[in-house]
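Structure, as structure tokens:
The values are calculated or read from the model by the stated rules, or taken from the named source; none is laboratory data. Predicted model, so just to flag it, every value in this text is computed and none were measured. Glycine gets a Cβ as well: all are built from the backbone with ideal geometry, and neighbour counts include every protein chain shown. SASA here: full protein model, heavy atoms, side chains in, ligands and nucleic acids out. Shrake-Rupley method; radii C 1.70, N 1.55, O 1.52, S 1.80 Å.
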Amino acid sequence: MPYTTNDIRRVEEKWQKYWAVNKTFQARELPGKEKYYVLEMFPYPSGKIHMGHVRNYTICDVIARYKSQRGFNVLHPMGYDAFGQPAENAAIKRNTSPAEWTYKCIADMRAGLRQMGFSYDWDRELATCDESYYKWNQWLFIQMYEKGLAYKKGSAVNWCPSCATTLANEEVINGACWRCKSEVVQKDLEQWYLKITQYSESLLADLQKLPNWPARVIAMQENWIGKSYGADIFFKVKGREDTITVFTTRPDTIFGATYVTLAPEHPLALKLSRGTGQEAAVKVFIEKAANTSKSLRMSGDQRKDGVFTGAWAINPVNGREVPVWIGDYVLMGYGTGAIMAVPTHDQRDFEFAREHGLPMVVVIEDAARPGVAPEQMTKAHEDGGVLVNSQQFNGQPNEEAKKNIALWMENNGLGRVAVHWRLRDWLISRQRYWGAPIPMIYCGSCGIVPVPVAQLPVKLPPDAPITGEGGSPLAKVQAFVEVKCPKCGQAARRETDTMATFFDSSWYFLRYCDPHNDQVIFDPAKAAYWMPVDQYVGGIEHAILHLLYSRFFTKFIRDLGLTAVDEPFDRLLTQGMVLKDGEVMSKSRGNVVDPDEVIAKFGADTLRLFILFAAPPEDQLEWNPAGLEGNWRFINRVWNAVETRYVRMPSQTNAAGQALPGAVMDAEDKKLELERNAAIKKVTESMEGGFKFNTAISAVMVLMNAIDKYHAVPGDAGMRAVCLNRAIETVVLLLAPFIPHVAEELWEMMGKVQPGTANPSIAFEPWPVFDEKALVTDTVKIAAQVNGKVRGEFEVPRDADEALLRPLVLADEGVLRHVAGKEIKKFIVIKNKLVSIVV
RNA sequence: GCUGGAGUGGCGGAACGGUAUACGCGUCGGUCUCAAAAACCGAUGUCUUAACGGGCGUGUGGGUUCGAGUCCCACCUCCAGCACCA
């Protein structure tokens, strides 16, 4: 009987229930047993699971089950990143509450996850919107506040008008909100920040400790952290007390600095223009820049607008008086917000100087155009060369001069060696309801006072008015806002902003180690056992955001003494997207395939197998219904082999699985044993070499093809039965991580599963081992090449040498055709592979 | 522009410097059937040939090597991320 649609329901439900009732995948600390922590990026509960989730979690599930069969003590938890704005939007739209909507979504997702047969330890399930979780968010925030890592400051911030809230730099993608794609504007607000920049150096340096992260993620983080070496240089303003400090990575070009440019937001911008006659023009320019959105200012034609301040500054190295300009291409948020302009050696400065008629001096000789005059240049010479017009530094290669000039300036008080970072502190306050309240109190006499830890959690009031129209909803809940100052007891006000949800997800992997602890954030001993996460799997969209924040939090929590790990995720796999018709599956495109429908027709195992087989996990996956049917057919072939052949074969092995005495393998038996061992080897190598599930599965298919060709039928005894049964057992064991329901069922049909025993599931059956000796055959097939082209094929004894091969090969008709009448210059033998003849 | 990655049959994709295209899909042919579906068996890079064979084939052009999809050099194209970061 083939595996039918009826069987799918029966089998999958049976084993899902079995795993749940027996808590098959419950993890506990087992000192002395090697642990393996596999984790997927937990989902935002927005409805049912979609194909992207299915792919992500299937990858993790295979890893978890494989590692379990390899004898590891596996931790594979699941939870929900449950705070966030969509819940508020849904609440408004559906006239419900964010909590109600979120818990409904969680229930739907949980059902979907169970249907897929994922091997989670359900006892560790958590949701970040539970008080028991966000209490520890608040605790962490207070720890940060007390260490000076959480602070409040007023500054220009990213504001999404559509979401009516602030955003972190990492949440602004191409000038737009990462969530709703609306254009982000700048707004001056007082907000809470986390001092991630305190860890800039180690966040950058420790990327070296992550050799098993994808190169592009490492590169993206490096770029984002953005360490630049160079110098701060002091330009005194002529006739004033003010000094403009500029940052440059090219101190070697300082003698070519012919003007200075300030960002429009620079505090000296307006001040320096006072009394110069340029004040009005400067004012207009600054206002115009302020009213132009950042994305507009940074995009478009990139023409470089600017205005002269009327002030002059002194180039400290040569005393040259240089004009001070304001330019919209200078960013206040990077370096010092002011630059020295070297138009001959920086393309942006070149364009600005041409636009505004500013002077230029060549200081690095272009080897291709020696002695070129600035007027003849059509673009800046940004490459290297030796210095000219640079006093005592003339003739030095510019890379050397970089260091020499910076040091010389530092020694003479003209500047200093400096490092600047692109990374900025993390703005985490959000003017939204559905998040963890920031546990701070404002007192008229005591100032900012943290909520005492004993009073945590600061609970989210269930009755806040959610309108989506801006302003923190919590500010409208009097009973929430009004509070007594914990220090002096006078009337005070609570902070009404909530935390960015990336705060919640920055440490959940630690909470999984001890998810129900209500005394401490987690038991350090438990974290010491499980951490770090051995394999993390998720989407590339978190390459910076979540992965950078989590690294930061881990370092902070390490510094609190709660964990010893420097990095939370040892290995990272970024899975590819699921496409249909060449496009990402999405509701708006209307090209989604509902996992439920696929499961109903083919079962979860077929869906899993298809997803794993159709592409390597990192690659994009094109949905292919025909491919799905192919995988369904394959499962059926395995099922049939067990049902119609295995269970009807007499067992011809002893208790240890060895053949009975006297049985001898013939050539065909040996062939099958070879295929069986080769399959184990190939699958194992595919798994160990970076989870190449597609090649692992194909290797099992090859073995299955060999089994189908093997001449053993029910009733055969002796070696036929031994080899066939052994091969089929191997197939089922190798497939168990991929198609767990069917594997459990077949294992049971084969009389192997004994519920209640030490190995209550095929997930704990030891992974098959291969015998290198079985892979060695008496004869091998080799190829013969003539001048690099294959001209013949030979079956020869293993390890045959030239003395044996030469006459054999040279007698071959196909080889002779290309050798006859020519001189053999070389005869190369690559043992057991080929011979190569050069004529 | 910078950074990272990728270019292999009709398609998804395999290939420790050693017989390119494993495995699967699709297609074609066959078995079974009254028929169809399912299942099973076989063929399937391309050009040429009656056939045996032969030529050409991993984005392009060079190079190293007995031998290159794989290593080196120079390009081209595509994807992704960052982008006036001084």
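Going residue by residue through the range A:629-636, is there one that turns out to be more than 8 Å from RNA strand B (Cβ to nearest atom), touching a residue at least 60 places away in the same chain (Cβ under 8 Å), open to solvent by less than 50 Å² (accessible area, probe 1.4 Å) and part of a helix (DSSP H, G or I)? The answer is yes; a qualifying residue exists. Tallying residues that are in contact (Cβ under 8 Å) with a residue 60 or more places away in the chain and in a loop (DSSP other than H, G, I, E, B) within the range A:16-43 yields 10. Inside the range A:76-107, can you point out the residues that are open to solvent by less than 20 Å² (accessible area, probe 1.4 Å), in a helix (DSSP H, G or I) and within 21 Å of residue A:164 (Cβ to Cβ)? Within the range A:76-107, A:85, A:87, A:88, A:90, A:91, A:98, A:102 qualify. Put simply, of A:724, A:703, A:672 the only residue that is in contact with a helix residue (DSSP H, G or I) (Cβ under 9 Å, 6 or more places away or on another chain), open to solvent by less than 40 Å² (accessible area, probe 1.4 Å) and within 11 Å of RNA strand B (Cβ to nearest atom) is A:703. Going through (1) closer than 16 Å to residue A:83 by Cβ; (2) part of a strand (DSSP E or B); (3) among the small types (Gly, Ala, Ser) one by one, residue A:132 falls short only on (2). Residues satisfying the criterion are present in the range A:400-421 (criterion: more than 28 Å from the chain's Cα centre (by Cα) and of a type in the set (Phe, Trp, Tyr)).
Confirm whether residue A:381 is touching a residue at least 40 places away in the same chain (Cβ under 8 Å) and farther than 23 Å from residue A:287 by Cα. It is false that residue A:381 is touching a residue at least 40 places away in the same chain (Cβ under 8 Å) and farther than 23 Å from residue A:287 by Cα.
Put simply, of A:204, A:140 the only residue that is surrounded by fewer than 19 Cβ atoms within 10 Å (Cβ to Cβ) and part of a helix (DSSP H, G or I) is A:204.
Each residue in the range A:338-354 was checked for being more than 6 Å from RNA strand B (Cβ to nearest atom) and under 19 Å from residue A:229 (Cα atoms), and 5 pass. Among the residues that make up the range A:162-171, is at least one of them open to solvent by 20 Å² or more (accessible area, probe 1.4 Å) and away from RNA strand B (no atom under 16 Å from the Cβ)? Within the range A:162-171, one or more residues are open to solvent by 20 Å² or more (accessible area, probe 1.4 Å) and away from RNA strand B (no atom under 16 Å from the Cβ). If the condition is being surrounded by fewer than 19 Cβ atoms within 10 Å (Cβ to Cβ) and among the charged types (D, E, K, R), then the range A:675-691 contributes A:681, A:685, A:688. Residues of the range A:727-742 that are outside any helix (DSSP H, G or I), of a type in the set (A, V, I, L, M, F, W, C) and away from RNA strand B (no atom under 14 Å from the Cβ): A:736, A:739. Apart from one condition, residue A:815 fits all of (1) over 24 Å from residue A:674 (Cβ atoms); (2) away from RNA strand B (no atom under 16 Å from the Cβ); the exception is (2). Give the number of residues within the range A:207-238 that are more than 9 Å from RNA strand B (Cβ to nearest atom) and free of Cβ contacts under 8 Å to residues at least 40 places away in the same chain. Residues flagged as more than 9 Å from RNA strand B (Cβ to nearest atom) and free of Cβ contacts under 8 Å to residues at least 40 places away in the same chain within the range A:207-238 amount to 3.
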